[in-house]
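A quick write-up on the structure given underneath.
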Amino acid sequence: KHSKSLLDKNSNNEVACKKCKKAEIKKTCRRILTPKMEATSSKAESSLQKSSLDVHAESNKWQYKSTSDTVILSADTESSQDGDSDEGTTPGMDDFSGLSPYEKKRLKNISENANFFASLQLSESAARLREMIKKRQPPESKRKKPKKKENETGCRRSMRLLKVNPSGVSLPATPTQPILVADENPLLPPGPLEMTSENRDDNSELFKGFLQTWAEVSKTRSKNTEKELSSIKSYKANLNGMIISEDTVYKVTKGPIFSMALHPSEIRTLVAAGARSGQVGLWDLTHQPKEDGVYIFQPHSQPVSCLYFSPANPAHLLSLSYDGTLRCGDFSRAVFEEVYRDERSSFSSFDFLAEDASTLIVGHWDGSMSLVDRRTPGTSCEKLINSSLSKIRTVHVHPVHRQYFITAGLRDIHIYDARFLNRSRIKPLISLTEHTKSIASAYFSPLTGNRVVTTCADCKLRIFDSSCISSKIPLLTTIRHNTITGRWLTRFQAVWDPKQEDCIIVGSMAHPRRVEIFHERGKWVHSFLGGECLSSVCSINAMHPTRYILAGGNSSGRIHVFMNESCG
DNA sequence: ATTGTATGGACCC
DNA sequence: TGGGTCCCCTACAA
């Protein structure tokens with residue numbers, strides 16, 4: 001378990017298990033030296049315990065070696081030395097007369113395992129490790145151990161968890177009223193909010209120019225032309241032409257990026273990012289110097305979970321937030337209109353049911369869904385639907401058959417028909433249950449909707465064949481991909497390239513930092529590497545619908561744009 | 001017992 | 001010293 005994560009970081013086979021060297025040493029030693037195994041090693045020659053068979057499977061993969069002061073785990077990449085195939089060559093084990101080949105092999109394995117464990121000298125290592133534990137040598141690591149505070153009991157805990165105030169005085173065990181965090185999340189008033197920039201002078205000529213650009217460039221968008229799917233070869237060639245530079249990296253929000261949208265304009269390169277802080281950062285890359293092209297707004301008081309330019313009018317930027325509002329940023333009027341508001345709820349995702357962006361489906365964090373019609377006055381929804389899901393992370397509408405939409409919850413993926421939504425609990429048309437951990441997202445493929453890609457915490461990206469919605473949709477491909485982003489990084493979401501029906505884009509934990517593209521059949525297609533320009537994890541990525549432009553957002557508000565040189 | 005969630009602190013200019 | 005950046009642990013609760 002340890003070795004895997006640690007090996008990821010290193011190219012060479014041999015790495016010291018840092019974790020074991022560190023605080024976890026005690027646990028690891030126990031793990032290796034279970035009483036059963038110790039018995040195996042001491043009575044190596046004679047004991048034919050069942051447990052050694054289980055261990056054998058593991059020793060095929062990992063060799064436990066002991067050195068003077070640490071436990072070294074090394075990947076056994078070469079053919080196993082246990083030699084499963086060369087029968088009857090093990091010294092001392094030749095007299096198997098009268099036994100079936102299976103039993104011969106079994107006995108051979110058992111004896112080899114016993115020899116192997118004897119050769120490890122586990123009891124000696126154990127003694128040495130016990131010494132180490134006694135001494136409790138501080139591990140040699142770059143990072144210093146967090147300094148223990150005097151009033152803490154040894155573990156790292158926040159003042160809040162310790163239930164003390166910052167001066168160290170214990171707070172009453174049960175606060176009579178909830179602690180106000182107004183400073184962090186200033187509540188925003190209902191109704192339209194003026195577009196007031198957080199980082200620049202609102203009355204400057206530059207700001208007026210910015211608004212004009214974002215309002216007018218939208219009209220220059222070319223109509224969606226039915227493009228032919230490029231072959232993987234030419235697609236790859238196009239991706240290879242995409243580069244990143246200092247000019248295409250910039251911090252556009254305070255704090256982690258939760259959502260991103262690329263403006264469909266084919267002339268200007270406009271990127272929008274929604275942050276955990278509730279900010280929305282807008283960046284016109286065509287503008288130089290780059291700091292003059294960035295404007296930051298605060299249309300929400302909590303994380304902006306979902307962000308889309310309106311397909312009907314790209315001068316509208318719709319933003320959804322945990323704060324229970326859906327707003328529409330209108331650049332021509334310089335306001336963030338309120339489209340839908342439910343303060344009791346927390347919105348996780350939305351999509352357009354109608355292509356003209358008049359009706360929307362909004363997924364709530366608590367598992368319910370809302371149908372919103374923007375043509376009716378007011379900011380309440382038409383219908384509130386309780387799904388059988390306990391949580392909803394993403395909703396996505398089928399690109400062709402727009403009555404279908406897919407939701408990704410904690411464990412389940414559901415596909416619904418929007419025509420049959422009623423107030424009572426509704427049943428999904430299809431529900432997928434193969435995911436074993438929480439699901440981050442589920443998206444239909446962009447042109448036909450014949451595929452679904454899901455991102456799951458079990459470190460697998462799955463691609464399903466959704467070409468036939470009426471029956472079960474079969475699993476097509478599973479791609480192993482580290483999706484454990486941990487506590488501080490935004491969760492990954494694999495998304496389709498809107499112009500390439502069969503390729504997905506996903507952030508990566510790999511070093512050097514990169515954004516990866518995979519084919520629906522599981523083949524690796526491309527890695528966006530940025531050298532010094534890309535040195536952090538891009539969790540949220542968006543590709544331009546027609547051009548070769550990729551924007552990746554990290555967890556400190558920075559956007560990284562890869563594009564064709566000719567686009568700059 | 002397992003699994004999801006929360007949001008702190010070391011390091012680097 | 002301090003602000004910016006990025007990390008992938010881990011206590012706690014459901």
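Go through the residues of segment A:367-386 one by one and say whether even a single one is farther than 30 Å from residue A:330 by Cβ, away from DNA strand C (no atom under 16 Å from the Cβ) and within 28 Å of the chain's Cα centre (by Cα). Yes. Restricting to segment A:473-494, name every residue that is more than 15 Å from DNA strand B (Cβ to nearest atom) and closer than 19 Å to residue A:536 by Cα. Result: A:481, A:494. Filtered by the rule that a residue be part of a loop (DSSP other than H, G, I, E, B) and touching a His at 6+ places or on another chain (Cβ under 6 Å), segment A:262-291 gives a lone residue, A:278. For segment A:395-436, a residue qualifies if it is among the β-branched types (Val, Ile, Thr) and surrounded by fewer than 17 Cβ atoms within 10 Å (Cβ to Cβ), and the qualifying residues are A:400, A:433, A:436.
Quick check: anything in segment A:435-453 closer than 26 Å to residue A:543 by Cα, of a type outside the set (Asp, Glu) and within 16 Å of DNA strand C (Cβ to nearest atom)? Taking every residue of segment A:435-453 in turn, at least one turns out to be closer than 26 Å to residue A:543 by Cα, of a type outside the set (Asp, Glu) and within 16 Å of DNA strand C (Cβ to nearest atom).
Condition (residue is acidic (Asp, Glu), without any contact (Cβ under 8 Å) to a residue 24 or more places away in the chain, more than 25 Å from residue A:497 (Cβ to Cβ) and in contact with a Ser or Thr (Cβ under 9 Å, 6 or more places away or on another chain)) applied to segment A:365-372: is it met by at least one residue? Taking every residue of segment A:365-372 in turn, none turns out to be acidic (Asp, Glu), without any contact (Cβ under 8 Å) to a residue 24 or more places away in the chain, more than 25 Å from residue A:497 (Cβ to Cβ) and in contact with a Ser or Thr (Cβ under 9 Å, 6 or more places away or on another chain). The set of residues from segment A:210-252 being at pLDDT 90 or above and of a type in the set (Ser, Thr, Tyr) comprises A:213, A:231, A:234, A:235, A:245, A:248, A:250. Within segment A:245-258, can one find any residue that is among the aromatic types (Phe, Trp, Tyr) and within 16 Å of DNA strand C (Cβ to nearest atom)? Yes; the residues of segment A:245-258 include at least one that is among the aromatic types (Phe, Trp, Tyr) and within 16 Å of DNA strand C (Cβ to nearest atom).
Taken together, the criteria place residue A:272 among residues that are away from DNA strand C (no atom under 15 Å from the Cβ), among the small types (Gly, Ala, Ser) and either at pLDDT below 90 or crowded, with 16+ Cβ neighbours inside 10 Å (or both).
Per the conditions (1) free of Cβ contacts under 8 Å to residues at least 24 places away in the same chain; (2) more than 16 Å from DNA strand B (Cβ to nearest atom), the sole criterion not satisfied by residue A:422 is (1). Taking the options A:532, A:501, A:516, A:520, name whichever one is surrounded by 15 or more Cβ atoms within 10 Å (Cβ to Cβ), within 16 Å of DNA strand C (Cβ to nearest atom) and acidic (Asp, Glu). Residue meeting the stated conditions: A:516. The number of residues in segment A:316-335 being of a type in the set (D, E, K, R) and either on the phi > 0 side of the Ramachandran plot or outside any loop (DSSP other than H, G, I, E, B) (or both) comes to 2. Considering (1) surrounded by fewer than 20 Cβ atoms within 10 Å (Cβ to Cβ); (2) over 18 Å from residue A:310 (Cα atoms), say which one residue A:392 fails and leave the rest. Tallying (1) surrounded by fewer than 20 Cβ atoms within 10 Å (Cβ to Cβ); (2) over 18 Å from residue A:310 (Cα atoms), residue A:392 fails exactly one: (1).
All conditions but one from (1) touching a Leu at 6+ places or on another chain (Cβ under 7 Å); (2) within 16 Å of DNA strand B (Cβ to nearest atom) apply to residue A:501; the one that does not is (2). Just one of the numbered conditions (1) within 13 Å of the chain's Cα centre (by Cα); (2) under 26 Å from residue A:281 (Cβ atoms) is not true of residue A:482: (2). The conditions of being touching a residue at least 12 places away in the same chain (Cβ under 8 Å), farther than 27 Å from residue A:426 by Cα and in contact with a His (Cβ under 9 Å, 6 or more places away or on another chain) are met by residue A:309. Within segment A:462-489, the set of residues being surrounded by 22 or more Cβ atoms within 10 Å (Cβ to Cβ) and at pLDDT below 90 comprises just one member, A:483. Look at segment A:227-253: where a residue is farther than 18 Å from residue A:562 by Cβ and a partner is surrounded by fewer than 15 Cβ atoms within 10 Å (Cβ to Cβ) and at pLDDT 90 or above, sitting 6+ places away or on another chain with Cβ atoms under 9 Å, you get A:232/A:523.
The values are calculated or read from the model by the stated rules, or taken from the named source; none is laboratory data. Fair warning: this is a prediction, and the values are worked out from it, not measured in the lab. Quick reminder, even Gly has a Cβ in these numbers, built from the backbone with ideal geometry, and neighbours come from all protein chains shown.
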